[in-house]
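K.L.:
A single structure is presented below for examination.
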Amino acid sequence: MTTAAAPPAEIPLEGEPPGPTPRREENPLRSPIMVIGLVLVGLLVAMALVAPLVASHDPRTISGQALEEPSGRHWLGTDVPGRDIFSQLLHGARASLVVAVVAPVLALLGAVLIGVLPALVGGATDMVSNRLVVFLLALPGIPLSVLIASFAGESDLALILVVAFAGVAPVARILRSQVLALRQSGYIAAARGFGGGPLYVIRRHLLPPLGPLLVVAFVYWASVSVGLHAGLAFLGLGDPSGVSWGHMLNRALGQPSIYFSPMWTWWVLPPGIAITLALLGFSFVGVGLEPTFNPRWLRSS
């Protein structure tokens with residue numbers, strides 16, 4: 001029994017450049033980093049979903065004595081007023097998940113308005129928009145966020161809007177560069193020549209090629225949003241009675257003697273670990289998506 005010989009590789013003629021090497025498609029689910037990131041993000045989602053079912057106490061109401069140690073009634077003890085810390089930890093996951101979804105969506109919408117639309121229109125509109133993006137990027141991000149949040153009032157919604165605003169300029173800069181490259185394509189020029197408006201061109205011809213980049217930008221800014229929101233809440237900004245991991249750390253570290261007693265192990269450590277795992281989860285997912293969804297990675301492969 002004989003087997004057919006494999007066809008010989010195609011040899012380029014003399015003076016003819018070799019053909020492009022086909023790029024191997026990457027499956028993000030095969031990456032261990034991607035799997036770990038999905039597990040950590042799934043843990044955050046699970047905590048947010050089961051919070052009303054597992055938490056036996058309202059995180060905002062007093063349910064015990066002040067500074068109780070962990071027990072069967074209060075698994076992580078209580079804070080100074082007597083509120084259950086374990087309930088605050090679970091409900092804090094819901095606040096972080098909301099920020100990780102809402103803030104990147106608002107940042108992407110703002111980036112489309114000041115980055116994609118002006119780049120597609122061109123002319124003076126694009127020039128003014130580009131100058132605005134450059135100006136925002138030149139400002140110190142964290143001090144500016146703290147300043148805006150301090151004037152925004154005691155509201156969790158205000159913190160989310162501040163976090164979203166901080167992401168508009170960086171994302172707009174990336175999207176604008178891609179739109180400037182795609183604007184020279186023949187099919188986009190034809191669509192505009194036949195009377196297609198900016199919104200039509202974006203919806204039909206720009207969103208498909210920009211989709212992978214939008215996914216990467218969303219995941220990246222979700223990670224930044226969780227950390228930035230926790231940092232602003234830790235500084236005491238937003239709703240002072242809010243339930244989030246940043247507010248938990250703010251109240252815990254407000255106790256002068258917390259590190260001279262075992263309280264830090266059940267009051268400081270759990271929210272700190274939760275913030276770290278949430279940041280690692282979104283960061284690992286973003287790294288796992290890079291080989292498949294980032295256009296710069298695809299061009300260099």
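The values are calculated or read from the model by the stated rules, or taken from the named source; none is laboratory data. Only a predicted model underlies this, so the values are computations on that prediction, with no experimental measurement involved. For neighbour counting, all protein chains shown are included, and Cβ atoms are generated from backbone atoms with ideal geometry for every residue, glycine included. Note: areas computed on protein heavy atoms with side chains; ligands, DNA, RNA excluded. Shrake-Rupley method; radii C 1.70, N 1.55, O 1.52, S 1.80 Å.
K.L.:
Just to confirm a number: summing +1 for Lys and Arg and -1 for Asp and Glu over residues other than Val168 whose beta-carbon lies under 15 angstrom from that of Val168, what do you get? Numbers along the way, then the final one.
P.N.:
Details: positive: Arg131, Arg173, Arg176; negative: none.
Its environment carries a net charge of +3.
K.L.:
So what are the radius of gyration and Dmax for the Cα set of segment 164-257, in Å?
P.N.:
Spelled out, the Cα radius of gyration and Dmax of segment 164-257 are 20.6, 71 Å.
K.L.:
Place +1 on the Cβ of every Lys and Arg and -1 on the Cβ of every Asp and Glu in segment 148-258, take the dipole about the Cα centre, and give the residue among Val216, Leu206, Leu157 whose Cα lies farthest towards its positive end.
P.N.:
With unit charges placed on the Cβ atoms, the residue in question is Leu206.
K.L.:
Over the chain, what is the relative contact order in whole percent, taking alpha-carbon pairs under 8 Å and six or more residues apart?
P.N.:
Numbers: 394 pairs, mean separation 77.8, N = 301.
Relative contact order here is 26 percent.
K.L.:
While we're on this one: Averaging sequence separations of C-alpha pairs under 8 Å and six or more residues apart, then dividing by the length of segment 232-280, give the relative contact order as a whole percent. Working shown, then result.
P.N.:
Numbers: 33 pairs, mean separation 16.5, N = 49.
Relative contact order, segment 232-280: 34 percent.
K.L.:
Then there's this: What is the gain in length, in nm to one decimal, between Ile273 and Leu43 on full extension, counting 0.36 nm per residue of separation less the C-alpha to C-alpha distance? Intermediate results must be reported in sequence, preceding the final value.
P.N.:
On the way: separation 230, 0.36 × 230 = 82.80 nm, distance 1.26 nm.
Result for the pair: 81.5 nm of gain on full extension.
K.L.:
Name the residue from Ala169, Ala119, Val268 whose Cα lies farthest towards the positive end of the charge dipole of the chain, charges +1 on Cβ of Lys and Arg and -1 on Cβ of Asp and Glu.
P.N.:
Ala119
K.L.:
If you fit an axis through the alpha-carbon atoms of helix 123-138 and take the longest principal axis of the Cα set of the chain, what angle between them do you get, 0 to 90°, nearest 10?
P.N.:
Around 40 degrees separate the two axes.
K.L.:
Between Glu69 and Val54, how many nm apart are label points set 7 Å from Cα along the C-beta direction?
P.N.:
Placing both labels 7 Å beyond Cα along the Cβ direction yields 2.4 nm.
K.L.:
Given a 1.4 angstrom probe, I'd like the percentage of the accessible area of the chain that is carbon and sulfur, rounded to a whole number.
P.N.:
Answer for the chain is 69 percent, counting heavy atoms of protein chains only.
K.L.:
Highest first, please rank the peptides 209-221, 79-91 by the mean number of other Cβ atoms sitting within 10 Å of their residues.
P.N.:
Values: 209-221: 19.6, 79-91: 21.3.
Going from most to least packed, we get 79-91, 209-221.
K.L.:
Might you tell me the accessible area per residue for segment 103-218, computed with a 1.4 Å probe and given in Å²? Write out the running numbers ahead of the final one.
P.N.:
Working: 5890 Å² over 116 residues.
Ligands and nucleic acids excluded, the result is 51 Å² per residue.
K.L.:
So, with +1 on the Cβ of K and R and -1 on the Cβ of D and E, and no other charges, what is the size of the charge dipole of the chain about its Cα centre, to the nearest 20 debye?
P.N.:
My answer is approximately 660 debye.
K.L.:
Next question. Under a point-charge model restricted to the Cβ atoms of Lys and Arg (+1) and Asp and Glu (-1), what is the dipole moment magnitude of segment 100-198 relative to its Cα centre, in debye to the nearest 20? Before the final figure, lay out each step's value.
P.N.:
On the way: 5 positive and 3 negative charges, 90 e Å.
Dipole size: approximately 440 debye.
K.L.:
Report which label in (1) 14.9; (2) 26.4; (3) 17.6 holds the value of mean projected area of the Cα convex hull in nm² derived from the coordinates of this structure.
P.N.:
Correct label is (2).
K.L.:
Taking R0 as 22 Å, what's the FRET efficiency between Arg30 and Val105 from their Cβ-Cβ distance, rounded to 0.05? All intermediate terms of the calculation are to be shown ahead of the outcome.
P.N.:
On the way: r = 28 Å, r/R0 = 1.29.
That pair, Arg30 with Val105, gives E of 0.20.
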